[in-house]
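Notes to accompany the following structure.
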Amino acid sequence: MMRRFLKLYVLSLLLFNLAACSSMQPVNIENAMQSTSARGVDYGSLVQVRTLDNRTSKFRVTEMTEDGIGGNTGFFRFEDMKSLRVESPRANKNSSAWTWVLGALGVAALVALVANADEVSVCSPSPCP
């Protein structure tokens with residue numbers, strides 16, 4: 001029973017960490033239209049574009065101009081975008097390292113708790129001997 005709980009606990013920590021590492025960050029479209037490129041978007045970046053007509057496309061950037069960005073699904077002008085999100089897995093390297101350290105400490109604390117479970121006794125009714 002306890003081994004199953006421990007496995008599920010470690011699996012949930014792993015899934016949480018993987019979900020946090022692949023987050024999409026919003027890009028301000030108005031700033032992208034005013035400058036020569038969208039901040040945070042580079043060649044090869046994974047982006048998700050939602051257009052004004054509610055079409056959604058996710059692609060790697062292979063083309064960048066001052067008017068918009070493009071990839072294997074086509075070219076999208078900034079003025080036709082409702083939202084633009086870019087994946088930034090390496091932006092929070094320190095945060096990711098702290099997540100791993102705190103996760104490992106959490107697992108170690110859980111293992112220590114389970115290992116010392118034989119020494120814990122619950123007595124009812126009181127007073128306990």
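Residues checked against (1) out of contact with any Asp or Glu (no Cβ under 6 Å at 6 or more places or on another chain); (2) touching a residue at least 12 places away in the same chain (Cβ under 8 Å); (3) loosely packed, with under 12 Cβ neighbours inside 10 Å; (4) of a type outside the set (Ser, Thr, Tyr):
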{"residue": "ILE29", "(1), (2), (3), (4)": "yes, yes, no, yes"}
{"residue": "GLY40", "(1), (2), (3), (4)": "yes, yes, no, yes"}
{"residue": "LEU46", "(1), (2), (3), (4)": "no, yes, no, yes"}
{"residue": "ASN54", "(1), (2), (3), (4)": "yes, yes, yes, yes"}
{"residue": "SER57", "(1), (2), (3), (4)": "yes, yes, no, no"}
{"residue": "ARG60", "(1), (2), (3), (4)": "yes, yes, no, yes"}
{"residue": "ILE69", "(1), (2), (3), (4)": "yes, yes, no, yes"}
{"residue": "ARG77", "(1), (2), (3), (4)": "no, no, no, yes"}
{"residue": "MET81", "(1), (2), (3), (4)": "yes, yes, no, yes"}
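Kindly provide the set of residues from region 4-29 that are of a type outside the set (A, V, I, L, M, F, W, C), part of a helix (DSSP H, G or I) and either at pLDDT below 70 or within 21 Å of GLU87 (Cβ to Cβ) (or both), ordered by number.
From region 4-29, those of a type outside the set (A, V, I, L, M, F, W, C) are 4, 7, 9, 12, 17, 22-23, 25-26, 28; that's our starting set.
So of that shortlist, the ones also part of a helix (DSSP H, G or I) come out as 4, 7, 9, 12, 17.
Correct list: ASN17 only.
Could you list, in sequence order, all residues of region 70-123 that are of a type in the set (Ser, Thr, Tyr) and at pLDDT 65 or above? So that I can check it myself, show each step before the final result.
Step one: filter region 70-123 for residues of a type in the set (Ser, Thr, Tyr), giving 73, 83, 88, 95-96, 99, 121.
Passing the criteria: THR73, SER83, SER88, THR99.
The values are calculated or read from the model by the stated rules, or taken from the named source; none is laboratory data. Fair warning: this is a prediction, and the values are worked out from it, not measured in the lab. Note that each Cβ is placed from the backbone with ideal geometry, even for glycine, and that neighbours are counted across all protein chains shown.
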